[in-house]
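Q: Below is a structure I'd like to ask you about.
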Amino acid sequence: MSLRVHAFLTTLFLTLLGAARSEDLSSLFYTTSTADHVQFADDGQEINLALDQKNASGFQSYDAYLFGLFNMRIKLVSGDSAGTVTTYYFTSFGERHDELDFEFLGNVSGEPIILQTNVFSNGIGGREQRIFLWFDPTIDFHNYTLLWNPWQIVFLVDGVPIRVFPNIEKEEGVPYLHNQSMKVFATIWDGDSWATEGGRVKINWENAPFVASYRDFSADSCSETSTMSANDCATTKWWSQLAYQALDVGQLDKLKWIQSNMTVYNYCTDVGRYNVTPPECRYNAPISTGLVAPSSSPSTPTSLPLVASPSSTPGASSLGPSGPPSSTAYLARHVSQLTPFFLILSLIFMVIE
Ligand SMILES: *[C@@H]1O[C@H](CO)[C@@H](O)[C@H](O)[C@H]1NC(C)=O
Ligand SMILES: *[C@@H]1O[C@H](CO)[C@@H](O)[C@H](O)[C@H]1NC(C)=O
Ligand SMILES: *[C@@H]1O[C@H](CO)[C@@H](O)[C@H](O)[C@H]1NC(C)=O
Ligand SMILES: *[C@@H]1O[C@H](CO)[C@@H](O)[C@H](O)[C@H]1NC(C)=O
Ligand SMILES: *[C@@H]1O[C@H](CO)[C@@H](O)[C@H](O)[C@H]1NC(C)=O
């Protein structure tokens with residue numbers, strides 16, 4: 001009997017743990033447009049954003065984050081998406097804001113969608129890079145990941161590093177993103193004045209609504225709290241350890257492949273725009289650890305894991321909510337804190353048995 005009870009409780013515990021790790025997106029995000037353009041689907045695991053001639057749409061996070069490992073799975077508008085811009089980005093607010101962008105520029109059917117990324121630090125942006133993807137991003141969901149620790153920011157697509165913004169603030173005076181928490185946003189909007197072939201190809205509204213889907217957001221992150229600075233928090237995390245402070249040789253090879261074979265535009269090589277190459281362009285890694293991470297370390301992974309490590313503290317990603325979360329949102333975000341209770345219960349049954 002006790003064996004069965006124990007098995008039941010263990011299953012319950014694992015189920016709750018699983019539930020806590022793939023959270024209901026409606027507890028993390030709220031819509032920033034009219035409700036009829038945003039659909040929470042698949043039990044809150046997916047959000048569909050629609051663009052039509054009446055309106056654009058979007059959502060944003062309740063919480064603000066300062067350092068973390070974040071993953072969002074996105075499926076882009078299929079068919080003719082020319083002129084549309086679909087985004088997933090992190091930003092703080094104000095004139096000297098920080099921002100990290102993934103922006104997908106639509107195209108007519110069969111022509112490649114471009115992924116544009118950008119980095120703003122301390123209010124300064126103008127760091128656009130554009131690449132073609134090596135798959136059709138409209139057929140399936142793919143992983144768009146940000147690693148953001150005190151050493152580097154890495155943009156990854158399906159685990160492939162497509163861009164690095166190193167912390168070279170001390171060495172080069174380029175402000176790093178380390179003192180402003182950012183919220184997560186997603187939008188789809190009409191960008192046909194510039195997005196597709198420089199604005200020559202316009203939106204064909206006959207194909208509206210244009211729908212982009214987002215799902216399975218995960219965040220293992222830090223935030224400023226009354227007890228700990230985000231920097232101190234970040235240094236305790238697995239995604240800040242040596243292997244994550246710079247790219248390893250295998251990752252650098254992949255980045256070089258992106259830079260030489262997939263790149264459409266790179267501000268670093270736009271001499272007409274910047275007659276002095278921006279300092280960060282000389283680095284694929286923070287200077288303090290050299291250009292290449294210690295590749296001899298046997299524990300150095302060849303590709304970054306994309307989901308929060310199960311060993312990380314459940315619920316840590318929801319520290320310091322800065323929005324006004326609803327009570328159900330609050331409850332959902334703290335469900336994970338109940339799991340130790342079930343573990344203890346389960347252990348008690350083991351002892352009794
Ligand atoms: C479009 O959405 C905004 C909110 O994002 C709303 O204020 C506006 O009324 C909407 N326009 C229409 C025509 O529905
Ligand atoms: C994306 O990440 C998920 C985990 O969230 C993983 O199961 C999946 O294999 C990844 N897909 C790709 C194409 O990397
Ligand atoms: C944040 O750091 C930048 C340098 O990266 C500095 O210029 C700015 O004043 C700092 N802001 C705050 C609020 O500490
Ligand atoms: C759209 O397709 C055209 C033709 O293949 C290509 O030149 C362009 O880079 C593609 N992407 C965008 C966003 O314009
Ligand atoms: C770019 O593609 C070419 C042809 O497929 C290949 O030979 C070359 O090694 C690639 N460059 C990098 C840096 O991967």
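Q: Over 24 Å between Cα atoms: which of Lys75/Lys183; Lys54/Lys183; Lys183/Lys237 fall into that group?
A: In this structure, Lys54/Lys183 exceed 24 Å between Cα atoms.
Q: With θ set to phi - 60°, apply the Karplus curve 6.51 cos²θ - 1.76 cosθ + 1.60 along the stretch 99-112 and write out the HN-Hα couplings as whole Hz, x wherever there is a Gly or Pro.
A: Per residue, the Karplus-derived 3J(HN,Hα) values read 7, 10, 10, 10, 10, 9, 9, x, 8, 5, 3, x, 9, x Hz.
Q: Check which residues have an amide H placed less than 5 Å from Ile153's amide H, if you skip close sequence neighbours.
A: Long-range HN contacts for Ile153: Phe165, Asn167.
Q: Compare the peptides 94-101, 60-67 by average per-residue count of other Cβ atoms within 10 angstrom and give them in order, highest first.
A: 60-67, 94-101
Q: May I ask you to evaluate 6.51 cos²θ - 1.76 cosθ + 1.60, the Karplus curve with θ = phi - 60°, for each residue of the stretch 245-256 and list the ³J(HN,Hα) values in order in whole Hz, giving x for glycine and proline?
A: Taking θ as phi minus 60°, the curve returns 8, 7, 6, 8, 4, x, 5, 4, 4, 5, 4, 5 Hz for the stretch 245-256.
Q: Taking 0.36 nm per intervening residue step and subtracting the Cα-Cα distance, what contour gain separates Thr235 from Glu171 on full extension?
A: Extra length available between Thr235 and Glu171 comes to 21.0 nm.
Q: Report the gain in length on full extension from Leu242 to Thr227: 0.36 nm times residue separation, minus Cα-Cα distance, nm rounded to one decimal.
A: 2.9 nm
Q: Over the stretch 32-313, what is the relative contact order in whole percent, taking alpha-carbon pairs under 8 Å and six or more residues apart?
A: Contact order relative to length: 26 percent.
Q: Whole-Hz ³J(HN,Hα) for each residue in the stretch 173-188, computed from phi via Karplus 6.51 cos²θ - 1.76 cosθ + 1.60 with θ = phi - 60°, x for glycine and proline: what do you get?
A: x, 7, x, 9, 8, 9, 10, 10, 6, 10, 9, 9, 10, 9, 8, 9
Q: Can you give me the relative contact order of the stretch 173-251 as a percent, contacts being Cα pairs under 8 Å and 6 or more apart?
A: Result for the stretch 173-251 is 17 percent.
Q: Once R0 is set to 30 Å, what does the formula 1/(1 + (r/R0)^6) return for the Cβ-Cβ distance between Glu206 and Trp134, expressed as a FRET efficiency to the nearest 0.05?
A: The pair Glu206/Trp134 has a calculated efficiency of 0.50.
Q: Give me the distance in nm between label points sitting 7 Å out from Cα along the Cα-to-Cβ direction at Phe141 and Ile124, one decimal.
A: In this crude label model, Phe141 to Ile124 measures out at 3.8 nm.
Every number here is computed from the coordinates shown, using simple stated rules; none is lab data. Quick caveat: nothing in here was measured; it's all calculated off a predicted structure. All Cβ positions, even for glycine, are placed from backbone atoms using ideal geometry, and neighbour counts span all protein chains on display.
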